[in-house]
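Single-structure report; data block below.
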Amino acid sequence: MMVPTHLAAGMFAGAGTVAWLQVPPLPTVWLLLGALIGALLPDIDHPKSWLGRRLPFLSLPLSAIFGHRGITHSLLAVVGMVWGLHQALTHWDLSHHWRWAGVGVAVGYLSHLLGDFATHGGVPWLWPYTQRFSLPLTFRTGSWFERMLFFAFWAGTLYLLILRFAPWVLHDALALWQRLSP
Ligand SMILES: [Zn+2]
């Protein structure tokens, strides 16, 4: 998938997590920021990717050793990330903000792998076994279907965030109205 679609999918996954865990407003901002970063993180193994161009000291050795869509797109990376997140949440003295951002990164990362899993290219889930797997129904990167997905993800994100925060906003607006009315 292309960068804008990965970002949209990351936001959608983040908003789903926010709605599911009933995350409060400010942590939501941190979680969504984390999800945006997580959504681009797996392509750090490609020097020409958005993130890879900005962090060549990471992307160049990673792509030389593992190749694009290698270890960063595998179950090994998922397990490593979940383990790392668990370690960070239980052993590190992190502020609330960083904890939510960490959850967001993990959710965004997963959304990236599932996104690539749905494209023709597929992902090597069982890396170092290099066979790539993709869904039975796939789409081509940059196709009209991907453009439709982009809008669907943003619409879904908006829907989930409204679902989560509309009662809260309405409640506050009502309280403000009552305070201001004579
Ligand atoms: Zn990728």
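Each value in this text was obtained by applying a stated rule to the coordinates, not by laboratory testing. None of the values given here were measured: they were computed from a predicted structure. We place every Cβ from the backbone using ideal geometry, glycine too, and count neighbours over all the protein chains shown.
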Checked region 37-127 against the a/c 1.5 cut and the a/b vs b/c comparison, axes a ≥ b ≥ c from its Cα gyration tensor; verdict prolate
Relative contact order (percent, whole number), the chain, Cα cutoff 8 Å, 6+ residue spacing: 31 percent
Based on DSSP H runs of at least 4 residues, each adding -39500 (n - 2.57), what is the mean residue ellipticity at 222 nm of the chain after dividing by all its residues, to the nearest 500 deg cm²/dmol? -23500 deg cm²/dmol
Sorted on mean Cβ neighbours within 10 Å (highest first), peptides 140-147, 44-51, 123-130 come out as 44-51, 123-130, 140-147
Shape of region 1-43 from its Cα gyration tensor (a ≥ b ≥ c, root eigenvalues): rounded if a/c is under 1.5, otherwise prolate when a/b > b/c, or oblate? prolate
Return the Cα extents of region 87-169 along principal axes one, two and three, sorted largest first, each rounded to a whole Å. 40, 35, 17
Over the Cα atoms, compute the radius of gyration (one decimal) and Dmax (the largest Cα-Cα distance, rounded to a whole number) for region 31-182, in Å. 19.5, 71
Fewest to most neighbouring Cβ within 10 Å: what's the order for His68, His112? His68, His112
